[in-house]
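Step one of this worksheet: look at the structure below.
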Amino acid sequence: MRIAEKAHAKINLALHVTGQRSDGYHLLDTLVTFTETGDEVTIDAAGEDRFTLSGRFAGDLDQADPSGNLVIRARDGLRRLLLRDGRTAPPVHIHLEKNLPVASGIGGGSADAAACLRGLMRLWAAKPDGQALADLALGLGADVPMCLLSRPLVARGIGDILEPVALPPLSLLLVNPLKPVSTPAIFRRLTNRHNPPMGTISLEGLPALRNDLQPAAEALEPAITEVLAALRATGATLQRMSGSGATCFGLYPGIAAAREAAERLEARQPGWFVEATTTLR
Ligand code: C5P
């Protein structure tokens, strides 16, 4: 049996940093949605564990030693959980089609890990205890629990307290200057860690919200400022950075407008990652 799971890109429509825990992790208040576009994880039963890669950004991941890859850590973590409960978790061939740029603020690695967990639970017919699964997901990364859900939500805490919200499908353009940005480096550079929360959520209220990581990211990577200006010039109704960057999104009235903007940007900036997509309900 072959199982395919899409690893949808995670977009922080707004991301407010509201505090910091004593262990250094930051408290967030963030409105998150997911796009149709993403990586793809395929899983087959196999004689022994294997991991293969393809896709535009496969070369940016370590093929020789994938032990640090979140997909592998997700597989091993879920297997440990099942074996501990006396269940089986036989060998698998996991293939990752890496379509999204790495270290780009749209949860690529976290979405891959979450897709791997969803796929393996199907293949192994496993239903781990909800808390054990939540702990495993959070242990892999702060964004993995929300990526398991892959639906519009508000995340609080360090990203582990999740509240689903209703959002209509949005037409947006993702643009990344293909400069990797280190998430810890951006959090370290914050000058203000105590900002007001988002308050009441509405699409109309989105322009008044912020990404509190954006100023630090723009200071570290000036290409982000360029991307935001380019999105503004295409007539986006709103442009903002996602996560710790460098990917920015522009919102458009419809997918045709987003695709048109994509064509214009691709022609002008062939070195950038540019993709028009729709968000999931
Ligand atoms: O959990 P994840 O590996 O995605 O986080 C990467 C790094 O980002 C953490 O080690 C931490 O430095 C920073 N971070 C943070 N507060 C969060 C999430 C991440 O400070 N809520």
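Since every read-out is calculated from the coordinates, none of them should be taken as a lab result. Source: prediction; values computed, not measured. Note that each Cβ is placed from the backbone with ideal geometry, even for glycine, and that neighbours are counted across all protein chains shown.
Remarks
- Proxy reagent accessibility, fewest Cβ within 10 Å first, across 93, 194: 194, 93
- Region 1-146 shape via C-alpha gyration tensor axes, a/c threshold 1.5: oblate
- Between 0 and 90°, nearest 10: helix 130-140 axis offset from the chain longest Cα axis: 60 degrees
- Residue of 170, 83, 206 that the Gaussian network model of the chain assigns the largest fluctuation, springs spanning Cα pairs under 10 Å: 83
- Taking other Cβ atoms within 10 Å as a rough exposure proxy, 3, 161, 186, 106 sort from fewest to most as 161, 3, 186, 106.
- Between the C-alpha center of region 127-181 and that of region 213-281 there is a gap of 20 Å.
- Phi-based couplings in Hz for region 222-227 (Karplus 6.51, -1.76, 1.60; Gly and Pro marked x): x, 4, 5, 4, 5, 5
- The chain, dipole about Cα centre (Lys/Arg Cβ +1, Asp/Glu Cβ -1), debye to the nearest 20: 280 debye
- A simple rule links phi to the HN-Hα coupling: the Karplus curve 6.51 cos²θ - 1.76 cosθ + 1.60 with θ = phi - 60°, which for region 24-41 gives x, 5, 8, 8, 10, 9, 9, 9, 10, 9, 10, 9, 4, 6, x, 7, 9, 10 Hz, with x for Gly and Pro.
- Amide hydrogen neighbours beyond the local backbone of residue 243, cut-off 5 Å, H modeled: 12
- MRE, 222 nm, helices only [DSSP H, n ≥ 4, -39500 (n - 2.57), over the chain, to nearest 500]: -9000 deg cm²/dmol
- Selection of GluC sites (Glu not before Pro), region 14-117, meeting DSSP coil and at most 11 other Cβ within 10 Å: 48
- Region 44-115: trypsin sites (Lys or Arg not before Pro) falling in loop per DSSP and having at most 16 other Cβ within 10 Å: 56, 87
- Close amide H partners of residue 49, meaning residues 5 or more places away or on another chain with modelled amide H under 5 Å apart, are 92.
- Computed over neighbours whose Cβ is under 13 Å from that of residue 84, the net charge equals -1, Lys and Arg +1, Asp and Glu -1.
- For residue 157, the residues whose modelled amide H falls within less than 5 Å of its own, excluding neighbours fewer than 5 places apart on the same chain, are 28.
- Protection proxy ranking, highest mean first, for peptides 107-115, 254-262: 107-115, 254-262, where packing is the per-residue count of other beta-carbon atoms within 10 Å, averaged.
- Radius 14 Å from Cβ of residue 69, net charge of other residues (Lys, Arg +1; Asp, Glu -1): -4
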